[in-house]
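Note sheet for the following structure.
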Amino acid sequence: MRLSFYLLFLLVISVFGCEEAKTDSQEIPSDSFRNEVAATEVRVATAERKSFDYLINATGKLEAQSEVKALIEREGYLEKVLVVEGQFVEKGQIIALIDKREAEFALEKARINLIKAQSELEVLKAQFQLALESKDPKVAQTVQDRIRVNSGLSLAEVELKEAELNLARCEVRAPVSGRIANIKFKEGSLVTKNAEFAEILSTDQLLLRVKVLESDIPLISSSQKAEIYPISDPQNALEGRVTAINPKVDENGLVQVSLTLTSSKNLLPGMNARAIIRAPQSNSLVVPKDAVVFRSGRAVVFTIENGKESKWNYVEVGKDNGREIEVLDGIPENSTVITSNNLQLAHQAPVKIVNP
């Protein structure tokens, strides 16, 4: 009897215990749970439809607007070098001298031959005086021409001009204005005709040639503005403009674009520089770049719902300029987007907007 009473008592205890546990294990409503979680403080911005500057970045080397070779026009010994590398010269300025003694001898000989030919001409004129005085002008002109040839005067005059030209070629002159670079010879060197003495660089205006992806070429046009950042001074931008676009795509899918700098102060040809070409895009839906996060390889933008909750939105993004990014699809215009503390944010998480 006692045993039966004891078993009944245990059965009653177990039934009441199960009901209490069942009551305690009921799930807490999600709304109550969210109310208990502290709201994440976030900064926000507005998805605006506006003009958007897409930035095309490229690097290259600075070049002189023109690079002209100063050639030696006759063979001989280089007597004097009158310039140094880096020196600015004007067009026509003498920059080197070739030993001119042989050319001077040739010129003196040509002058003597000219005098001799002039004397012979006078003798022939006396012999053909009657023909020269002919009333028929054609006869007189024909006789005069033959006398000049037979006297050797015509040939002597040509040889004199040639001798004068050869003497002038002993002076190596700058074909253009610019700075001297890469002098090839020293004084005393034996040089040949058409040998390169030096290069002359027109550094008043510099070019930057860069390689741009073929997909970006439709966004580039002549006279388009660009910012140039020399490696020697990467903090200060120089103004440049697109002046040429090569119509051929290379084997790497790149196109050469030439930019002309408006200033060349403290710059030299051969320096490395970075170019940013601005390609304005009109009527683009734009958000700050910080508003876009990636989850499982897909772009996500969180927006504000009811002023207090986050909303997860998959978006399709377009061009990126480093500060802002285009949104092609996924959120409406004028949406309030979250730009901070969104890396680990969840959908419908409580948020609190704070001032920037």
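Below are the figures for this structure:
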item	result
Segment 156-290 - accessible surface per residue (Å², probe 1.4 Å)	55
Positive-end residue, segment 97-176 charge dipole about Cα centroid, Cβ charges, pick of 126, 107, 174	126
Neighbour-limited loop hits for GluC sites (Glu not before Pro), segment 203-278 (at most 12 other Cβ within 10 Å; DSSP other than H, G, I, E, B)	251
Alpha carbon centroid spacing (whole Å) that separates segment 279-356 from segment 166-235	48
Exposure of residue 108 as accessible area (Å², to 10), given a probe of 1.4 Å and all protein chains	90
log10 of Debye I(q)/I(0), alpha-carbon scatterers only, for segment 214-266 at 0.13, 0.15, 0.23 Å⁻¹	-0.38, -0.49, -0.90
1.4 Å probe accessible area per residue over segment 293-356, in Å²	58
Length gained when the stretch residue 133-residue 57 is fully extended (0.36 nm per residue, less Cα-Cα span)	19.1 nm
Cubic angstrom per residue, convex hull over Cα atoms of the chain	284
Reference-scaled alpha-carbon Rg (2.2 N^0.38 Å with N residues) for segment 186-230	2.11
Segment 266-320: mean projected area of Cα convex hull, nm²	7.6
Table column - 3J(HN,Hα) (Hz), segment 217-228, Karplus curve with 6.51, -1.76, 1.60, x for Gly and Pro	4, x, 8, 10, 9, 4, 6, 5, 6, 8, 10, 10
Spin-label pair residue 334/residue 91, simplified geometry with 7 Å Cα→Cβ offset, distance in nm	6.2
Apportionment of accessible area to carbon and sulfur, segment 232-334, percent (1.4 Å)	44
Where labels lie 7 Å past Cα in the beta-carbon direction, separation of residue 186 and residue 112 in nm	3.9
Measure of compaction for segment 54-110 (Cα Rg per 2.2 N^0.38 Å)	1.92
Positive-end residue of 234, 192, 40, charge dipole of the chain with Cβ unit charges	192
Directionally averaged projected area (convex hull, Cα atoms, segment 222-317), nm²	10.7
With 5 Å bins from 0: P(r) over segment 130-178, alpha-carbon pairs, percent	4, 18, 14, 12, 11, 10, 8, 7, 6, 5, 3, 1, 0
Listed pairs 184/225; 91/116; 109/193; 80/211; 193/265 exceeding 32 Å between Cα atoms	184/225; 91/116; 80/211; 193/265
Percent of Cα-Cα distances greater than 21 Å, calculated over segment 46-157	69
Carbon plus sulfur fraction of accessible area for segment 87-211, probe 1.4 Å, in percent	52
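The values are calculated or read from the model by the stated rules, or taken from the named source; none is laboratory data. All values reported here derive from a predicted model rather than from experimental measurement. Cβ: placed from backbone, ideal geometry, glycine included. Neighbour counts: every protein chain shown. Accessible surface areas use protein heavy atoms only, side chains included; no ligands, DNA or RNA. Shrake-Rupley method; radii C 1.70, N 1.55, O 1.52, S 1.80 Å.
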